[in-house]
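The values are calculated or read from the model by the stated rules, or taken from the named source; none is laboratory data. Quantities reported herein were computed from a predicted structural model and do not represent experimental measurements. Here the Cβ is made from the backbone with ideal geometry for all residues, glycine too, and neighbour counts use every protein chain on show. Accessible surface is based on the protein model in full, side chains and every heavy atom, while ligands, DNA and RNA are left aside. Shrake-Rupley method; radii C 1.70, N 1.55, O 1.52, S 1.80 Å.
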Amino acid sequence: MFEASDIWIMHADGSGQANLTKDKQSNWGAAWSPDGKHILFNSARDGRPHLYIMNPDGSGLKRLCPHSNLWEEYPDWSPDGTKIAFMTNVATGSWVINVMNADCTGLKQVTQGPGEDGGPRWSPDSKKIAFTSNRTGHAEVSMMNADGSQLIRLTSSPKDTSFNSPDWSPDGTKLLYLHSLPHSGEIWIMNAEGSAQTKLMDAYGFGDGPVWQP
């Protein structure tokens, strides 16, 4: 069901590349802990995606929430280190976002669908979450408070395109995101409340989610 893949690490100049998981199953969705001491990711080594945590050298690998029966995918750690957001599959074609404490307590489903809500990204102050949702029929960038309240859709994409993969600027005032076109992509930027949506550059090929330098 899932293609074999691993989590790798390297220095910023591309040197020192190392395979951290060395697993025959799928491992993906890596996210750093705010203190840089751990890597959080999801793996299908148990049959369905669950969250795992390890040290930056691949040691200390363990399942984060061993008693969870949820489908756990694409996690993001809040900058204050207290909470983790992730997406989970609740039915065919239905994905929601959950938030829990970093120790797996206090689990709360913060979106209700319909459709697919995923790719959560915490704001720098840990108060809001930007994410991608296709509840309108195609993917758009949305934002909500960390508890799921005050959910708003920020983009309206033209036909046969989508806006997705938002990432916050370090000061929390802007969002960088991807405009996916039928045969290419574009990188866009907007103010965090959705104004001043502006194309920055072409992203030729399939494209992937842009990220800010911390």
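Descriptive notes on the structure:
- Here the range 158-214 is the region considered, the condition is being of a type in the set (A, V, I, L, M), in a loop (DSSP other than H, G, I, E, B) and open to solvent by 40 Å² or more (accessible area, probe 1.4 Å), and the residue that is nearest to Ser78 (Cα to Cα) is Val211.
- Per-region count, the range 83-98, residues of a type in the set (A, V, I, L, M, F, W, C), more than 18 Å from Ser165 (Cα to Cα) and at pLDDT 95 or above: 0
- Residues considered: Thr111, Thr155. Of these, the only one that is open to solvent by less than 70 Å² (accessible area, probe 1.4 Å), β-branched (Val, Ile, Thr) and under 21 Å from Gly93 (Cα atoms) is Thr111.
- One residue stands out among those in the range 124-142 that are in a strand (DSSP E or B) and not aliphatic (A, V, I, L, M): the one that is farthest from Val110 (Cα to Cα), which is Glu140.
- Within the range 117-150, if we keep just the residues that are closer than 16 Å to His179 by Cα, at pLDDT 95 or above and hydrophobic (A, V, I, L, M, F, W, C), the residue that is surrounded by the fewest Cβ atoms within 10 Å (Cβ to Cβ) turns out to be Ala130.
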